[in-house]
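Participant: Would you mind keeping the following structure in view while I ask a few things?
The values are calculated or read from the model by the stated rules, or taken from the named source; none is laboratory data. Fair warning: this is a prediction, and the values are worked out from it, not measured in the lab. Using ideal geometry, Cβ is built from the backbone for each residue, glycine included, and neighbour counts are taken over all protein chains shown. For accessibility, only protein heavy atoms count, side chains too; no ligands or nucleic acids. Shrake-Rupley method; radii C 1.70, N 1.55, O 1.52, S 1.80 Å.
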Amino acid sequence: MSNRPSSSQSSVGTGGLSHAYIQHPSLRCNVPESRGLFYDDANRLLICVTSDQVFSWETASFNPEVSPSADSISEGPILSVRFSLDKKVIAVQRSDSEIQFFHRETKKTLTHKCRAGSESLLGFFWSDSPLCDLAVVKTSGMDLFACDSAMNLRLVETKKVNVNWYIYTHESRLVLLASGLQCKTITGFQLSTAGVVRLPKFEMTLATTESNSKPIISAGDVHLITVYGRIYCLQVDREAMLLHTYRFYRDAVVQQGSLPIYSSKLSVSVVDNLLLVHQIDAKVVIIYDLFVDSRAPVSAPLPLLWRGYQGSDTSSQATNKENEGPEASTSNENIVMYEDAWTFLVPDLILDQTNKVLWRVHLDLEAISASSSDRTSLLELLQRRKLEANKAKQLCLGISRALILERRPATQVTQAIDVLVTAYSYSVKAGIYKELKNEKTTATTSTNGSSPDNERQRASGSSISEEEVEMDLPSGSADGQQESQLSSPAISPDELYKFVFASVEEMMIDESDYLVAIITEFLRSISAEKLKVDLNIYVMTLRLLAHSKRFAELSLFVTNKIIEPSKEVALQLLESGGQNLRVRKLGLDMLRQLSLHHEYISSLVQDGYYLEALRYAQKRKVTSVRSSLFLEAAFASNDMQHLAAILRVLSEMIPGFKETSEYYTFHGLLNETSSSVAV
């Protein structure tokens, strides 16, 4: 990224270009006497509280028409609210020493208190670990409790740590406890279904200046995110103006570079495994893909926009422009982008305390594609998308077509095709994309390419080495991971033929050499991945070579098995052989090799070799070819001796042939034309 984002962007994000946006309708809290909004990330609930009630909305479906659930609680201060994972119990933190529990069915209440004076309660969260159901974080450490159906708490274990603050996400099941004068010493625990795992203690990086020799990290400076099944910690270093990234493994925490920041205040979102860094002072979003080694942004920094309702298609920026503008705001939503009352929630939500609404952050894949100049990297990015898999797929097909139609260098087009082929190969082997087997339209290539045993997982870039064993992510911890099993942007070779090569053939017919070069590399890539080939791509290649009269090269493609034998290929060779006898002979030989007797005999007769065709039929005992085919060819040649010979052979081959109308017809013609020929 070469240019620093401007800080003079408009505070109202309507109109203009954007790569990320929030969209109407939001989830709105219209509860009178509301005393605050909370978000329960474990149950994905938006929670609104009054003095004696708790209202909750499901955010998974993000349906504004759904009415909230309402539960009564006793009056009192409310610092935080979380439902148990079975949603039967509501836990309310009342103070820095007290949590109150309310059973939603039995109405039973329970109060849990810390030791007054000696420790302060920092917060709590529910767990699905087999060891405990509830974790309570205090300044003296973390208590793990088991909770039965009657809400009886039993202390299971205490983790003794001096704690200044903590962060936790249910998505990662990871809690980070900060200690030390600068709060840069971090102790981590993962409370997953596999148990409680303690991470190695690590120190966060902090730059110092003369004016601030001992900067302090706050909880708001640290973010836990999960992308591509990997858990990262992001830490803001304001003195260095960097966002440090740390990656968690089973037995290590490794710092993995830093990202530049342009705002003293920032937050992050994760949408479809892409990291969105909100530069709040500059009022722009910078998107990163942590999967790749490069720390360059995916696209240029642009503002986060608000968009009006667009139905099911939310990613078309061209359509949205018609509805964007100050007049698109509803009277109830006077939005100020990145206002102080915004709270960014893991992974992709924004809680607006002022307007009492919850927004979901979206990506505009079309806008990202339009602003990217590196087509190969863009295709790799799109092939890793899951939330809008079909949109990503269509963009990939469009990009591939455009590369060919724009006559980009063949090497560039080949790189793009390789990305799509390897991504499809990985998806099939990983079980994400179910390959359809159709013997009539596909053929398996024979090659010395890589085997499934040592196949590199290149669909999304480089693979993880065996030495780098990652932390386990709980099953179902990320929405995108579940949806990836339902949809994939992978493009099969059949689809590449139908929607790329076939669609450009007519427009590229006068530059067939260029298109053949690309198709040849496409076939090489498919062969290397041991994938099935749509036979139509072979036929197209022959057609293009014949059009440019490259018959010698065409022959080499066939004899060297670059183009695999099939009925369709043989028939195309016969058609192209009208301009070259050697090519036609290749077609005839292929029909014979494939034991396509009917087609072979018909082609011989068509070429005037009806006697050879009849001998072949007699030798192979082929009876599917109608006898009149031979008789008509002999009669048309005006060679009555041949006609007599064919009648004789057919009489021997076919029982009762002398009683057929064909025999009487041609025998009569023979007698009329040449009574001297005996039959």
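Participant: Roughly to the nearest percent, how much of the accessible area of the range 542-621 is carbon and sulfur, given a 1.4 Å probe?
Facilitator: Whole-percent figure for carbon plus sulfur exposure: 51.
Participant: Which listed residue (Gly76, Leu181, Cys48) has the Cα farthest towards the positive end of the charge dipole for the chain, taking +1 on Lys and Arg C-beta and -1 on Asp and Glu C-beta about the Cα centre?
Facilitator: Leu181
Participant: How large is the dipole of the chain about the Cα centre if only Lys and Arg carry +1 and Asp and Glu carry -1, each at its Cβ, rounded to the nearest 20 debye?
Facilitator: 1040
Participant: Which of the peptides 277-286, 642-651, 151-160, 621-630 is most tightly packed, and how do the rest follow, going by the mean number of other Cβ atoms within 10 Å of each residue?
Facilitator: Peptide ranking by packing, descending: 277-286, 642-651, 621-630, 151-160.
Participant: Show me the ranking of peptides 421-431, 589-599 by mean Cβ neighbours inside 10 Å, starting with the highest.
Facilitator: Ranking, from highest mean packing down: 421-431, 589-599.
Participant: OK, next. Long-range amide H contacts for Phe124: which residues qualify at under 5 Å (H placed 1.01 Å from N, peptide plane, sequence gap of 5 or more or a different chain)?
Facilitator: So Phe124 has HN proximity to Val137.
Participant: Right, here's the next one. Diagonalise the Cα gyration tensor of the range 27-143 and give the resulting equivalent ellipsoid semi-axes, square root of 5 times each eigenvalue, largest first, whole Å.
Facilitator: Value: 25, 16, 13 Å, ordered largest first.
Participant: Give me the tail of P(r) for the range 499-628 as a percent: Cα-Cα pairs with distance above 20 Å.
Facilitator: In whole percent, the long-distance tail amounts to 49.
Participant: For the range 339-412, what D do you get in µm² per second when you plug the Kirkwood radius from alpha-carbon pairs into Stokes-Einstein at 4 °C and 1.567 mPa s?
Facilitator: Estimated via Stokes-Einstein, D reaches 88 µm²/s.
Participant: Rounded to a whole number, what is D in µm²/s for the range 126-211 from Stokes-Einstein with the Kirkwood radius over alpha-carbon pairs (37 °C, 0.692 mPa s)?
Facilitator: It diffuses with D of about 237 µm²/s by this estimate.
Participant: Bin width 10 Å, alpha-carbon pairs only: give the P(r) of the range 86-130 as whole percents, running from 0 to the bin holding the largest distance.
Facilitator: All Cα pairs, binned at 10 Å, distribute as 25, 47, 26, 2 percent.
Participant: About the Cα centre of the range 334-397, how large is the charge dipole given +1 on each Lys and Arg Cβ and -1 on each Asp and Glu Cβ? Please answer in debye to the nearest 20.
Facilitator: That gives the range 334-397 a dipole magnitude of about 360 debye.
Participant: What does the highest-first list of 199-212, 338-351, 652-665 look like by mean Cβ count within 10 Å?
Facilitator: 338-351, 199-212, 652-665
Participant: Please give the helix 581-593 orientation as an angle from the longest Cα principal axis of the chain, in degrees from 0 to 90, rounded to the nearest 10.
Facilitator: 80
Participant: Now a separate question. Check which residues have an amide H placed less than 5 Å from Asp272's amide H, if you skip close sequence neighbours.
Facilitator: Excluding prolines and chain starts, which carry no amide H, there are no hits.
Participant: Give me a comma-separated list of calculated 3J(HN,Hα) values for the range 355-365, in order, Karplus coefficients 6.51, -1.76, 1.60 applied at θ = phi - 60°, integers in Hz, x for any Gly or Pro.
Facilitator: Once θ is set to phi - 60°, the couplings for the range 355-365 become 8, 6, 9, 10, 10, 10, 8, 10, 9, 9, 5 Hz.
Participant: Continuing with this model, one more query. State, as an integer percentage, the relative contact order of the chain based on alpha-carbon contacts under 8 Å between residues 6 or more apart.
Facilitator: Rounded, it is 10 percent for the chain.
Participant: Can you run phi through the Karplus equation (6.51, -1.76, 1.60; θ = phi - 60°) for the range 84-100 and list ³J(HN,Hα) in whole Hz, with x for Gly and Pro?
Facilitator: Each residue of the range 84-100 in turn: 5, 5, 8, 6, 8, 10, 10, 10, 10, 7, 8, 7, 7, 9, 9, 10, 10 Hz.
Participant: Report, to two decimal places, the Cα Rg of the range 587-629 normalised by 2.2 N^0.38 Å (N = number of residues).
Facilitator: Normalised Cα radius of gyration, the range 587-629: 1.00.
Participant: Still on this model: Quick one: which residues, 5+ away or cross-chain, put their amide H under 5 Å from the amide H of Ile73? H built at 1.01 Å from N.
Facilitator: Amide H neighbours of Ile73: Gln53, Val54.
Participant: Taking every DSSP beta bridge with both residues inside the chain, roughly what % is antiparallel (nearest 5)?
Facilitator: Of the beta bridges lying entirely in the chain, close to 95 percent run antiparallel.
Participant: Please compute the per residue accessible area over the chain with all protein chains in place, 1.4 Å probe, rounded to a whole number of Å².
Facilitator: 45
Participant: Can you give me the angle between helix 410-429 and the longest principal axis of the chain, using Cα atoms only, in degrees from 0 to 90, rounded to the nearest 10?
Facilitator: Between the helix axis and the principal axis of the chain, the angle is about 70 degrees.
Participant: Can you give the direction-averaged projected area of the convex hull of the alpha-carbon atoms in the chain, in nm²?
Facilitator: Orientation-averaged projected area of the Cα hull: 42.0 nm².
Participant: If you don't mind, another one. Counting pairwise Cα distances across the range 164-255, what percent come out greater than 15 angstrom?
Facilitator: So the portion of pairs separated by more than 15 Å is 59 percent.
Participant: Another question, then. Counting Lys and Arg as +1 and Asp and Glu as -1, each charge on the Cβ, what is the dipole of the range 85-186 about the Cα centre in debye, to the nearest 20?
Facilitator: 180
Participant: What list of ³J(HN,Hα) values in whole Hz, one per residue of the range 71-82 in order, does the Karplus curve 6.51 cos²θ - 1.76 cosθ + 1.60 (θ = phi - 60°) give from phi, with Gly and Pro shown as x?
Facilitator: So the Karplus estimates, Gly and Pro as x, are 9, 8, 9, 6, 5, x, x, 10, 9, 7, 9, 9 Hz.
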